[in-house]
Amino acid sequence: MLSFSKEEMLGKGIADQPCLAPDTMSVVRESQKKYGESVAYDCPFIKKSGERCVMHLSQASIKDAKGTPVENIMAWIDVTEERKREAEHANAISAFSKVLDETAKGNLSARIDTKGWNEELETIGIAIDTLIESLEYTVNELKNTEKC
């Protein structure tokens, strides 16, 4: 997942791992304070290639017979692409809302910039733009009819 070898990872405390982003430990500490000993949260990491990624961590404390936490066990999954898609969808919804709001206010020149969007969102953006263009054409035709 992160492309580091076992030798690079095993036998090191979490603070000494080569995969830590500058803000990893602060996210870990804040999540542990907020949620206690058993937590699940998104956390930034660095792949061996230097690429930043987002891992969803599930962490639980291992306790001794007295109930004192002595170690943590952790499972993680790369959710980088999922988080990117979520951000893309949120940005698209915002863009759709802005253009439709402008159109509702009478600005029929408002259009959605779909550059860089995935095919699904681009298709929706183009459909909205086409609908606005059709409305703009109809309004112009009505204005021309009124002039006659």
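Using the empirical formula 2.2 N^0.38 Å as the baseline, the Cα radius of gyration of region 83-147 reaches a ratio of 1.31. Taken along its principal axes, the alpha carbon cloud of region 6-78 reaches lengths of 42, 28, 19 Å, longest axis first.
Please identify the DSSP H helices in the chain that span no less than 15 Å along the helix axis (Cα) and have a mean Kyte-Doolittle hydropathy of -0.5 or more. Don't jump to the answer; show the numbers that get you there.
Values: long enough: 24-35 (16 Å, -1.05); 80-104 (36 Å, -0.93); 119-147 (42 Å, -0.31).
Correct list, ordered by number: 119-147.
Cβ crowding within 10 Å, taken as a proxy for footprinting-reagent exposure, orders K6, K47 from fewest neighbours to most as K6, K47. Taking each residue as 0.36 nm, the span from N107 to I14 lengthens on full extension beyond its C-alpha to C-alpha distance by 28.0 nm.
Of the peptides 39-45, 94-100, 115-121, the order by per-residue mean of other Cβ atoms within 10 Å, starting with the highest, comes out as 39-45, 94-100, 115-121. Here's the list of lysines a cross-link from K6 could span, going by alpha-carbon distance under 24 Å and ignoring same-chain residues fewer than 8 apart: K47, K48. If R0 is 30 Å, the Cβ-Cβ spacing of E7 and K33 corresponds to a FRET efficiency of close to 0.40. Going through (i) 54; (ii) 26; (iii) 35, the figure that equals percent of Cα pairs over 25 Å apart as computed for the structure here is (i).
Read the figures in this text as sums done on the coordinates, not as results from a lab. From a predicted model like this one, the values you see are computed outputs, not experimental measurements. Methodologically, a virtual Cβ is constructed for each residue, glycine included, from the backbone with ideal geometry; neighbour enumeration extends over all protein chains shown.
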